[in-house]
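The values are calculated or read from the model by the stated rules, or taken from the named source; none is laboratory data. All figures in this text were calculated on a predicted structure; none of them were measured in a lab. Using ideal geometry, Cβ is built from the backbone for each residue, glycine included, and neighbour counts are taken over all protein chains shown.
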Amino acid sequence: MNNSIGQEIRELLKLHNAVLLAHNYMRDEVQEIADITGDSLALSMEAAKTKADVIVFCGVHFMAESAAILSPDKKVLLPRPDAGCPMADMVTVEELEALKAKHPGVPVVTYVNSSAEIKAHSDICCTSANALRVVRSLTEDELIFVPDRNLGRWVARFVPEKRFVFWEGFCPTHERMTVEAVQRKKSEHPDALFICHPESAPEVSALADHVCSTSGMYDYCRASSARKFIVGTEAGILYKLRLENPGKEFILASPALICPNMKLTSLEDVLYSLQTMSPVVTVTEETRVKARQALDRMLAVPR
Ligand code: 13P
Ligand code: SF4
């Protein structure tokens, strides 16, 4: 850790009774200083229950919005307000409403990688860690899944009894991981297991020994007796995988697995955010109340 900046951050966190949450894709030094690191589900759960007055969210905009929806009495800071998610921007409320009008009465399952507005027009949210459980919790036999076509199609494989209407959104970072790149790594490391995120293209997921959320990868690699893993998700995951598993080797499946938005937040940004108590992420009350219902329904699905 850069000691002096790290100390200043820790002191300001204490002064403001603030908690520092960081997604598993953040830069190493940001993960190192965070109070809690995790996947989207773990971070939403933490945002819903923390006793802190301020949440400093090191992630992208939709994550900070979810924290603001779940903790309206807290100040939510996003050190880099320009950290967005291209997948979240791939569906608008007008487009979603037009799709709903074509499928009246069909519930909308929305991946948390979406705007607060989209969540407010949805029935239930999901993350990559609980998407299958969320879909199985629905009594209806048809559902609309937005915005990630890859996560949607991956879940659909396990519930052939349900009909899915997919939105064709995707994560540009995961879609840059090609079959050729993975095959190359597999032939270079024939003794390695290949794990990937369900945001990956279906033909890439088909090559995997295990498909799971980022926190699912920590659990899987910790428990596995294998010594070598080819990792098919954003490069930030490697920091804790290597820290937690000193005797194991982790190889990034493709050099293209870097999300520019997740790499924006620096320690300097975190410090500046705490010094200025900005930028604050807010959601209008009308949107917040409706989006909260969709998030609460998700959080109520048994783990
Ligand atoms: P998870 O950490 O929930 O698997 O999310 C992946 C992701 O792409 C977040 O932007
Ligand atoms: Fe969005 Fe993909 Fe980046 Fe996650 S990794 S923030 S889904 S672009």
Fill in the blank from the handout: By my count, helices (runs of 4 or more DSSP H) wholly in region 150-208 with at least 2 residues that are of a type in the set (D, E, K, R) and more than 25 Å from residue 223 (Cβ to Cβ) are 179-188
Practice task
Could you tell me which numbered condition residue 111 fails, if it satisfies all but one of (1) surrounded by 19 or more Cβ atoms within 10 Å (Cβ to Cβ); (2) not assigned by TED's automatic domain parsing to the domain that holds residue 135; (3) not polar (S, T, N, Q)?
Solution key: (2)
Exercise for the section: From (1) among the hydroxyl-bearing types (Ser, Thr, Tyr); (2) farther than 26 Å from residue 110 by Cα; (3) in contact with a Lys or Arg (Cβ under 8 Å, 6 or more places away or on another chain), pick out the condition that doesn't hold for residue 225. Expected result: (3)
Problem - Considering residues of region 115-149 that are in a loop (DSSP other than H, G, I, E, B) and hydroxyl-bearing (Ser, Thr, Tyr) only, the residue farthest from residue 44 (Cα to Cα) - result: 139
Exercise for the section: For region 235-252, state whether one or more residues are buried (at least 17 other Cβ atoms within 10 Å of the Cβ) and in contact with a Gly (Cβ under 9 Å, 6 or more places away or on another chain). Expected result: yes
Fill in the blank from the handout: Just one listed residue, out of 231, 270, 283, is part of a strand (DSSP E or B), surrounded by 18 or more Cβ atoms within 10 Å (Cβ to Cβ), out of contact with any Gly (no Cβ under 6 Å at 6 or more places or on another chain) and modelled with pLDDT of 95 or more, and it is 231
Handout entry: Subset of region 6-63 (residues that are in a helix (DSSP H, G or I), hydrophobic (A, V, I, L, M, F, W, C) and either surrounded by fewer than 24 Cβ atoms within 10 Å (Cβ to Cβ) or under 11 Å from the mean Cα position of the chain (by Cα) (or both))
Key = 12, 13, 15, 33, 41, 42, 43, 45, 48, 62, 63
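Yes/no per residue for (1) touching a residue at least 24 places away in the same chain (Cβ under 8 Å); (2) away from ligand 2 (no atom under 15 Å from the Cβ); (3) more than 17 Å from residue 166 (Cα to Cα); (4) not aromatic (Phe, Trp, Tyr):
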{"site": "41", "(1), (2), (3), (4)": "yes, no, yes, yes"}
{"site": "58", "(1), (2), (3), (4)": "yes, no, yes, yes"}
{"site": "62", "(1), (2), (3), (4)": "yes, no, yes, no"}
{"site": "69", "(1), (2), (3), (4)": "yes, yes, yes, yes"}
{"site": "77", "(1), (2), (3), (4)": "yes, yes, yes, yes"}
{"site": "81", "(1), (2), (3), (4)": "yes, no, yes, yes"}
{"site": "111", "(1), (2), (3), (4)": "yes, no, no, no"}
{"site": "136", "(1), (2), (3), (4)": "no, yes, no, yes"}
{"site": "140", "(1), (2), (3), (4)": "yes, yes, no, yes"}
